[in-house]
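Student: Quick one: the structure is below, and I'll ask about it shortly.
The values are calculated or read from the model by the stated rules, or taken from the named source; none is laboratory data. Treat the numbers as computed from the prediction; the structure is a model and nothing was measured. In this analysis, Cβ positions are derived from the backbone assuming ideal geometry, glycine residues included, and neighbour counts consider all displayed protein chains.
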Amino acid sequence: MPSTKSNWLTPATKMGLSIALATGLYGISFGALSIAAGLNLWQTVALSALMFTGGSQFAFIGVLSGGGAASAAFSAATLLGVRNAVYGMQIKQSLRPSPRAVPFMAQVTIDESTATSLGQASLSERHRGFWTAGLGVYVLWNLFTLMGALLGERMGDPAAWGLDGAAVAAFLGLLWPRLKSAQPIVVACAAATVTAFAVPLTVPGVPILITAGCAVLFAVLTGRHTKPATEHGQLQQVDQEKT
Amino acid sequence: MSELSWWLLGACAAAFALKISGYFVPRRVLDSPLMSHVAATLTVALLASLVTMNAVTSGQELIIDARIGALAAATIALIFKAPYLVVVLVGALAAVALRATGLAA
């Protein structure tokens with residue numbers, strides 16, 4: 001018993017399950033708010049099962065409840081989903097998926113699965129992190145969406161349970177192990193600053209894309225000039241097992 | 001089916017198309033030394049951005065509320081090398097405690 005348990009409960013799966021629970025519970029809030037925004041039960045369930053990217057789903061119902069048109073809801077949700085394309089590239093580079101697995105992996109390529117996977121040191125742990133967080137969030141998010149849709153607005157405020165605090169801690173916990181040398185710390189502080197400045201100036205979903213663009217630009221510039229230093233620095237260690 | 005349902009299904013299809021499009025970037029491009037440097041930098045930047053979005057934003061507004069307390073509590077837990085689940089729980093408890101005591105919204 002203890003040996004099977006320790007095989008299965010690795011740091012990556014524990015991390016994946018924790019983040020799946022914290023995020024999945026938010027589904028209650030989504031389900032309740034979606035019904036309040038005027039969607040029916042099937043539309044609400046379809047958004048969680050098919051769209052399955054929380055930010056886009058909240059944007060879609062948010063536009064509708066604010067009196068916006070369905071086409072505007074479509075645009076807001078799609079814009080917010082652009083970051084998942086960036087995540088797909090990261091996961092492909094990091095996990096080396098087989099082509100047959102790609103359609104399934106794509107559907108669970110979201111903030112949580114990407115972050116959990118990229119937070120791991122070894123290739124097998126990155127796989128376990130991706131699938132545990134991805135499938136864990138998928139199952140719980142859909143389950144709790146249905147519950148929220150049926151129970152209504154009484155259950156709708158995730159802040160009352162401290163889930164918004166849990167989300168902050170969850171993402172910080174994933175970032176933390178990477179802040180071991182000067183350059184990633186500078187990158188993290190700069191990224192946080194860029195995001196904070198971009199939030200009031202752009203529509204939701206765009207700040208993270210602006211931040212990603214700045215990070216890529218910075219990496220391309222520093223990568224050209226300091227290649228020998230970065231290849232042997234802390235920054236590359238997490239990617240060493242990829243071959 | 002209503003017009004809204006068609007837009008909804010279209011948005012779902014667009015979301016999947018975006019997710020899978022990243023996987024179509026050729027491996028050759030992703031494997032260059034420059035790209036692994038870009039990927040490592042991008043990961044840190046994306047995580048820091050997600051922390052910021054979850055800690056201090058609400059829609060298009062910057063807001064200081066109980067989530068800042070959660071961020072501080074989680075930082076302390078991480079400094080003391082707490083396990084991941086403990087860090088997440090500390091974040092949730094800090095937010096609940098700050099709201100219950102009326103110290104933060």
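Student: Does A:Leu151 count as surrounded by fewer than 24 Cβ atoms within 10 Å (Cβ to Cβ) and touching a residue at least 24 places away in the same chain (Cβ under 8 Å)?
Tutor: So A:Leu151 passes the test.
Student: Then there is this: Report whether or not A:Gly68 is assigned to a helix (DSSP H, G or I), assigned by TED's automatic domain parsing to the domain that holds A:Trp161 and touching a helix residue (DSSP H, G or I) at 6+ places or on another chain (Cβ under 9 Å).
Tutor: No; evaluated as a whole, the condition is false for this residue.
Student: Among the residues of region B:51-105 satisfying the criterion of being of a type in the set (A, V, I, L, M, F, W, C) and not in a helix (DSSP H, G or I), which is nearest to the other protein chains (Cβ to nearest Cβ)?
Tutor: B:Leu62
Student: Name the single residue that is farthest from the other protein chains (Cβ to nearest Cβ) among those in region A:195-243 being outside any helix (DSSP H, G or I) and at pLDDT below 90.
Tutor: This residue is A:His232.
Student: Right, something else. Counting only residues that are more than 7 Å from every other protein chain (Cβ to nearest Cβ) and either without any contact (Cβ under 8 Å) to a residue 24 or more places away in the chain or among the hydroxyl-bearing types (Ser, Thr, Tyr) (or both), how many does region A:55-93 have?
Tutor: Residues of region A:55-93 more than 7 Å from every other protein chain (Cβ to nearest Cβ): A:55, A:57-59, A:61-69, A:72, A:75-76, A:79-80, A:83, A:91.
Now drop any that are not either without any contact (Cβ under 8 Å) to a residue 24 or more places away in the chain or among the hydroxyl-bearing types (Ser, Thr, Tyr) (or both), which leaves A:63, A:65-69, A:72, A:75.
Residues that pass the stated criteria total 8.
Student: Within region B:46-76, how many residues turn out to be under 11 Å from the mean Cα position of the chain (by Cα) and not small (Gly, Ala, Ser)? Spell out how you get there, then give the answer.
Tutor: Keep residues of region B:46-76 that are under 11 Å from the mean Cα position of the chain (by Cα), which gives B:46-55.
If we keep only those that are not small (Gly, Ala, Ser) too, we end up with B:46-47, B:50-54.
So the answer is 7.
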